[in-house]
Amino acid sequence: MAGLKAERLKTRADFLRAQRGIRRGSAGLNLELCETPEAFQAAGRFRLGFTASKKVGGAVERNRAKRRLRAAAQAVLPGIAHERCDYVLIAKTATLTRPFEELLKDLAQTLAAAHVKLAQGKTIPNSGPGDGNHAEKRA
């Protein structure tokens, strides 16, 4: 799996679809995982997004937390990410203060647990908002 390249998740629909997939958490972060919709699948690639709510803090703290998650993902994901999967890393308040080595362990363990669940076939079908086949409903 080494050598996979990450693409960014950018649209709200992508984040909402990942939210309906496999969810795992740890002390330093939460992870959401789902299969990439067929319309966006490419060999040797996975998609990755980051988010931090206002619970994490103000804009400065949220941006710092996302930078820490990006650095952790850059170190961990290329070696163990699955092809044609979408990953969303969600910052927690602990993301700001947790030692970076612990954050790396959290990410690796959370990914391993999510991949076990994925191997068991417990994921959502890759249809719905953000799959390229359906128009997103507006409320």
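The values are calculated or read from the model by the stated rules, or taken from the named source; none is laboratory data. Owing to the predicted nature of the structure, the values given are computational and were not obtained by experimental measurement. Note: ideal-geometry Cβ built from the backbone for every residue, glycine included; neighbour counts use all protein chains shown.
For the reader, a short list of remarks on this structure follows.
- Residue within region 62-85 that is in a helix (DSSP H, G or I) and acidic (Asp, Glu) present: no
- Lone unmet requirement of (1) out of contact with any Phe, Trp or Tyr (no Cβ under 9 Å at 6 or more places or on another chain); (2) touching a residue at least 24 places away in the same chain (Cβ under 8 Å); (3) of a type in the set (Lys, Arg) for LYS5: (1)
- Selection count, region 10-36, where residues are of a type in the set (S, T, N, Q) and either within 11 Å of the chain's Cα centre (by Cα) or in a helix (DSSP H, G or I) (or both): 2
- Single residue of ALA59, ALA91, ALA113 found to be modelled with pLDDT of 95 or more, surrounded by 14 or more Cβ atoms within 10 Å (Cβ to Cβ) and among the small types (Gly, Ala, Ser): ALA91
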